[in-house]
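Notes follow once the structure below has been shown.
Since every read-out is calculated from the coordinates, none of them should be taken as a lab result. For clarity, every value in this text was computed on a predicted model and none was experimentally measured. Here the Cβ positions follow ideal geometry from the backbone for every residue, glycine too, while neighbour counts run over all protein chains shown.
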Amino acid sequence: MLTSNRSRKFLTFLIGISFLLVYLYSSQQVHRYLENTPSTERAEAFILSPAFLEIAAGEFKGLMGDYLILKGVSFLGGRYDTTESDLDAIQTLFKQSLTLDPYFLQTCYLTQAYIAWQGKRAEAAIDLLEISNTYRDWDWNPGFFIGFDYFYFLNDNLTAAEYMMEVSKKPGAGTLPALLASRLSQKGGETQTSILFMKSMLDTIEDDTARKQFETRITALEGVYIIERAIAVFKSRYNRPPSDLRELVTSKILEKLPDNPYKKPFALEDGIIVF
Amino acid sequence: MDIVWLISKITFKQGIRSKVLYGIFFLSLVLFFSNLFITQLFSLDTGKVAIDVGFSVLSLAGLSIVFFLGIGLLSKDVHQKNICMVICHPVSRWQYVAGKFGGLALFLLVAVAVLSLFSALSLWLGTLSLGGIQVLRNFSWLMLFAAVFSHLLALLTILAVGFLFTVVTTSGYLTMLLTFVVYIIGNTLDTIIKVLVRGDFVQADVLFVKALKCLSWIFPNLSAFDLKVHLAYGLPYAFSNLVWLSAYGITYIVLLLLAATALLQKKDLC
């Protein structure tokens with residue numbers, strides 16, 4: 001009886017050890033196999049409308065939004081090549097996440113980084129960023145991204161300037177958006193609007209350095225405006241634009257070219273005055 | 001009133017004895033550590049993520065108590081006729097309903113308090129590296145308290161719904177199922193109406209939307225008790241809104257309990 005008990009225990013022990021050894025060996029093989037297999041994973045999004053997800057998530061909308069962002073980011077962080085269909089999926093994930101939680105700043109940043117920059121899908125990115133911009137009405141970041149996308153990817157200086165002007169009035173935006181807005185607005189042919197905007201902003205600024213920056217920009221824009229009016233007179237007189245700004249002086253429309261506060265002469269490039 | 005308090009105490013002790021509190025304590029610990037880990041996966045709005053995780057666990061734990069402990073206990077009493085042991089004494093049926101609800105509400109209060117404490121702690125630790133909890137936009141402890149309180153009110157509303165269905169139905173399973181349906185409707189009806197009114201994705205008939213709006217007067221609007229977004233993003237929330245929300249929740253609960261008592265009076269229990 002005793003021997004039988006002992007042998008049974010020994011047999012159980014042997015079986016246990018055998019299973020443990022097989023487990024360790026197979027586990028090692030699986031790890032090796034996974035390490036040597038190139039990732040074939042592709043980005044995937046739920047084929048569900050964002051509205052359905054919004055309803056289905058119930059009181060866990062925020063958590064679901066976080067999960068969708070993590071799902072997208074874990075793919076983007078784990079691969080180096082991203083196909084168009086991957087980007088489609090990522091875009092859907094971000095849209096779903098923004099529908100569930102339109103306030104989440106992480107989604108807004110990732111949209112700009114991956115949809116606008118990496119994917120070069122500026123219009124799609126703007127659509128998503130507009131959601132953040134509407135909800136995060138205290139935050140200057142979404143509007144700044146939209147303005148940047150309009151300027152950099154879509155070459156729409158005036159719309160970019162509109163967004164930058166809106167952004168510059170938000171807390172924490174600093175002076176950069178306002179200065180960019182003035183330059184973009186001038187490039188878009190709205191120098192007078194740009195001057196008025198900068199003057200209205202000047203009243204709200206208390207910091208001396210920022211005031212100086214704004215005053216310099218206003219002086220430059222006023223110089224540009226004088227030159228623009230002179231060019232209009234030149235065109236009506238000679239039926240052609242001046243080939244060089246000095247022509248405005250030689251034709252006696254201007255006594256002299258205004259001084260550029262940025263310490264370089266004003267120039268005419270592709271019909272736009274550069275300062 | 002003494003009888004109501006006595007039944008409440010007994011129900012509360014039943015809850016403690018059911019070992020659910022140990023489960024909640026374990027869940028709190030898991031939440032505490034997982035929250036610390038999950039927030040590190042995000043670089044922006046980490047406080048918001050911590051709030052999402054914390055309140056989700058709060059919801060899951062609260063719902064587990066309501067469904068498995070609350071409805072389970074009451075269903076055992078009503079459907080297995082254990083209630084006869086109580087009402088054969090000079091205990092009226094309203095005293096029984098009030099006492100049972102009071103005891104379970106007390107138990108929920110303790111569980112939610114424990115979970116909230118852990119949740120707040122993990123939120124504080126999760127945001128420590130970014131400059132503390134004050135890094136959250138317009139953060140206030142008062143708002144955190146308001147969010148937890150409204151969450152508790154939502155759980156109590158579901159519990160009251162469970163009470164009503166326990167009296168109406170003949171099995172615990174059916175009670176749980178119907179209460180769960182009401183929970184789903186309560187959480188989604190408002191969103192469905194908003195989506196339909198917005199008309200971004202689906203076009204709905206005007207009459208259908210009106211019918212849904214009528215339903216929203218019958219079913220509890222549980223999404224109104226969800227103040228997570230206000231807390232996480234520091235959105236303004238008027239104190240008067242909280243007062244009205246509390247009044248809405250409390251009156252809804254009282255009405256349901258009154259209906260449950262009235263139905264229990266008519267029910268042939270023994």
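For chain B, what ratio Rg/Rh do Cα atoms give with a Kirkwood hydrodynamic radius?
Numbers: Rg = 20.2 Å, Rh = 20.0 Å.
That ratio equals 1.01.
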(message) Rounded to the nearest 20 debye, what is the charge dipole size of the protein assembly as shown about its Cα centre when +1 sits on each Lys and Arg Cβ and -1 on each Asp and Glu Cβ?
(response) 1840 debye
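Per residue, how big is the convex hull of the protein assembly as shown when only Cα atoms are used? Give it in Å³.
Expressed per residue, the convex hull around the Cα atoms of the protein assembly as shown is 251 Å³.
If you take the beta carbon distance between residue A:21 and residue A:52 as r and set R0 to 56 Å, what does 1/(1 + (r/R0)^6) give as a FRET efficiency, to the nearest 0.05?
0.65
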(request) Name all residues of the stretch B:36-77 having a backbone nitrogen under 16 Å from the label point set 7 Å from the Cα of residue B:106 along its Cα→Cβ direction, giving them as ranges. (result) B:70
(message) Students often forget the sequence filter, so: which aspartates and glutamates lie under 20 Å Cα-Cα from residue B:76 once same-chain residues fewer than 8 apart are removed?
(response) B:268
(message) Between residue B:5 and residue A:74, how high is the FRET efficiency from 1/(1 + (r/R0)^6) when r is the Cβ-Cβ distance and R₀ = 60 Å? Nearest 0.05.
(response) 0.70
(message) Counting other beta carbons within 10 Å of each residue's own, what order do A:31, B:230, B:151 fall into, fewest first?
(response) A:31, B:230, B:151
(message) Along the charge dipole of the stretch A:121-260, pointing to its positive end and built from +1/-1 on Cβ of Lys, Arg, Asp and Glu, which listed residue (A:218, A:158, A:180) has its Cα farthest out?
(response) A:218
(message) What is the ratio of the Cα radius of gyration of chain A to 2.2 N^0.38 Å, with N the residue count, to two decimals?
(response) 1.67
(message) Residues of the stretch A:140-173 with the amide nitrogen closer than 14 Å to a label point 7 Å from the Cα of residue A:270, along Cα-to-Cβ, please.
(response) A:151-158
(request) Would you kindly calculate the translational diffusion coefficient of the stretch B:32-75, applying Stokes-Einstein with the Kirkwood radius from alpha carbon pairs, for 10 °C and a viscosity of 1.306 mPa s, and quote it in µm² s⁻¹ without decimals? (result) 135 µm²/s
(request) Using 0.36 nm per residue of separation minus the Cα-Cα distance, give me the extension gain between residue A:12 and residue A:256 in nm, one decimal. (result) 77.5 nm
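Rank-order B:209-222, A:174-187 by packing density, defined as the average count of other C-beta atoms within 10 Å over each peptide's residues, highest first. Walk me through the numbers on the way to the answer.
Working: B:209-222: 15.1, A:174-187: 21.5.
Those peptides, ordered most packed to least, come out A:174-187, B:209-222.
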(message) 7 Å from Cα along Cα→Cβ at both residue B:40 and residue A:239: what's the point-to-point distance in nm?
(response) 7.6 nm
(message) Taking 8 Å as the Cα distance limit and 6 or more residues as the minimum spacing, I'd like the relative contact order of the stretch A:68-118 as a percentage.
(response) 41 percent
(request) With a Förster radius of 22 Å, plug the Cβ-Cβ distance of residue B:209 and residue B:243 into 1/(1 + (r/R0)^6) and report the FRET value to the nearest 0.05. (result) 0.15
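Which of the peptides B:121-127, B:252-258 is most tightly packed, and how do the rest follow, going by the mean number of other Cβ atoms within 10 Å of each residue? Can you show the working numbers first?
Numbers: B:121-127: 20.1, B:252-258: 16.9.
Put in order of decreasing packing, that is B:121-127, B:252-258.
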(request) With a point put 7 Å past each Cα toward its Cβ, work out how far residue B:128 is from residue B:80 in nm, to one decimal. (result) 4.6 nm
(request) May I ask for the net charge around residue B:204, where only other residues with Cβ less than 14 Å from the Cβ of residue B:204 are counted and Lys, Arg are +1 while Asp, Glu are -1? (result) +2
(request) Within 10 Å of each Cβ in peptide B:194-200, how many partner chain Cβ atoms are there on average? Round it to a whole number, please. (result) 2
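Order these by the 10 Å Cβ neighbour count, fewest first: A:166, A:44, A:35.
Details: A:166 18, A:44 15, A:35 7.
Least to most surrounded, the residues fall as A:35, A:44, A:166.
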(request) Could you grab the relative contact order for chain B? Cα pairs under 8 Å, six or more apart, rounded to a whole percent. (result) 27 percent
(message) Output the 0 to 90 degree angle, nearest 10, between the alpha-carbon long axis of helix A:84-100 and the longest principal axis computed from the alpha carbons of chain A.
(response) 90 degrees
(request) Compute the long axis of helix B:172-198 from its Cα atoms, compare it with the longest principal axis of the Cα atoms of chain B, and write down the angle in degrees, 0 to 90, nearest 10. (result) 40 degrees
(message) With 10 angstrom as the radius, rank B:198, A:246 by how many other C-beta atoms surround their C-beta, starting from the fewest.
(response) B:198, A:246
(request) Would you kindly derive the ³J(HN,Hα) couplings of the stretch A:115-129 from the backbone phi angles with the Karplus curve 6.51 cos²θ - 1.76 cosθ + 1.60 (θ = phi - 60°), listing them in order in whole Hz, with x for Gly and Pro? (result) 7, 7, 6, 5, x, 6, 10, 4, 5, 5, 5, 4, 4, 6, 5
(message) For peptide B:222-233, what's the mean number of Cβ atoms from other chains within 10 Å of each residue's Cβ?
(response) 3
(request) May I ask for the net charge around residue A:218, where only other residues with Cβ less than 14 Å from the Cβ of residue A:218 are counted and Lys, Arg are +1 while Asp, Glu are -1? (result) +1
